[in-house]
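Input: a single structure, listed below in structure tokens.
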Ligand code: NAP
């Protein structure tokens, strides 16, 4: 059984990203990511600091815009201004959003060319149509991990549990583009285990701590656990009961240290791609 090392994959991606930044900077372009923080939220602040630290190592500039409980109009005006700002190559807007504001509304104000975390519904539409677009970095991380672990995807039976626009749906689309045979499960799926036990590759993107156990996996399956669920004692656990599935599966991503670090690295890779475009 392999515990897939997301930190090692992240490090390899970031080395390549850093190498790509040098010639861009030499040519006068400093890859710049704008992170809009619309509400005062401690977990968000921690996450933004973590992206900024990683970006600094890759010589990517992070411009953090704290809006302190913004109204919908203030938030969309800021995103419009950043979309028009030639010094900004990538834009992300952190959740949680102000009350009454949806991610779809906000995403529409991020220019598609700068939409490095696939928040604009147009980006998802382009992805579905097979056109070039940035996918959400977490969905990209699922495929990147499988590719780097040399898991063949063409013709493979993949089950994705979760159908959100930020993870499940784009992950399924990216896997489909790799010619996997993709099944998407969700809260209305009848007898979830019947589906997940068919999976050569199981992707868990539910948001329920340790929901998937040994009865949900096929012997030898590869499991990508996207879930990040805080526990009462301040730990972070995935959607998969890792200890329970370990004797059955051939590989699983840990939480933390799996999908999360790869997501950050790919977000920064997207910024560099946007700066190069
Ligand atoms: P979400 O918007 O809440 O979506 C959850 C999905 O799971 C929905 O499609 C829902 O189905 C489905 N679901 C809920 N209960 C279910 C059940 N009992 N059986 C089967 N499906 C069920 O969450 P999300 O934003 O996609 O995030 C999913 C998880 O990934 C969360 O833990 C989140 O923290 C984590 N995440 C991690 C990263 C990272 O970088 N590692 C990034 C983003 C998110 P319905 O559509 O029918 O409601």
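Here, each number is a calculation from the coordinates, and none is a lab measurement. Since the model is a prediction, treat every value here as computed from it, not as a measurement. Every residue, glycine among them, receives a Cβ derived from its backbone with ideal geometry; neighbour counts consider all protein chains shown.
Placing a label point 7 Å from the Cα of residue 22 along the Cα-to-Cβ direction, none of the residues of the range 248-277 has a backbone N under 16 Å of that point. Given R0 = 22 Å, the distance between the Cβ atoms of residue 208 and residue 103 translates into a calculated FRET efficiency of 0.65. With a Förster radius of 35 Å applied to the beta-carbon distance between residue 52 and residue 179, the computed FRET efficiency rounds to 0.40.
Would you mind calculating the relative contact order of the range 24-115 from Cα pairs under 8 angstrom and at least 6 residues apart, reporting the percent as a whole number?
On the way: 129 pairs, mean separation 35.0, N = 92.
Rounded, it is 38 percent for the range 24-115.
The P(r) of the chain has a tail past 36 Å containing 13 percent of all C-alpha pairs.
Taking all Cα pairs closer than 8 Å and separated by 6 or more residues, the relative contact order of the chain comes to 22 percent.
Classify the range 137-258 from the C-alpha gyration tensor, please: rounded if a/c falls under 1.5, else prolate or oblate depending on whether a/b exceeds b/c. Rounded, since a/c falls under 1.5. Which shape class, rounded, prolate or oblate, goes with the range 48-132 when its Cα gyration tensor gives a ≥ b ≥ c as root eigenvalues, a/c under 1.5 marks rounded, and past that a/b bigger than b/c marks prolate? Cα axes put the range 48-132 in the oblate bin. Among 57, 169, 218, a tally of other beta-carbon atoms within 10 Å of each Cβ gives an order, fewest to most, of 57, 218, 169.
Treating r as the C-beta distance of residue 71 and residue 129 and R0 as 45 Å, the FRET efficiency rounds to 0.85. Measure nothing fancy, just the Cα-based angle from helix 168-177's long axis to the longest principal axis of the chain, in degrees from 0 to 90, nearest 10. So the helix axis and the longest Cα principal axis differ by about 80 degrees. Full extension of the chain between residue 12 and residue 113 yields a length gain of 33.8 nm, computed as 0.36 nm times the residue separation minus the alpha carbon distance. For the range 1-146, just say rounded, prolate or oblate: build the C-alpha gyration tensor, square-root its eigenvalues into a ≥ b ≥ c, call rounded for a/c under 1.5, and beyond that prolate if a/b exceeds b/c, oblate if not. Rounded is the answer for the range 1-146, as its axis ratio a/c remains below 1.5. The modelled label-to-label distance between residue 80 and residue 243, using points 7 Å beyond Cα along the C-beta direction, is 5.4 nm.
Taking the helices alone, the chain has a mean residue ellipticity at 222 nm of -12500 deg cm²/dmol, built from -39,500 (n - 2.57) per DSSP H run of at least 4 residues and averaged over all its residues.
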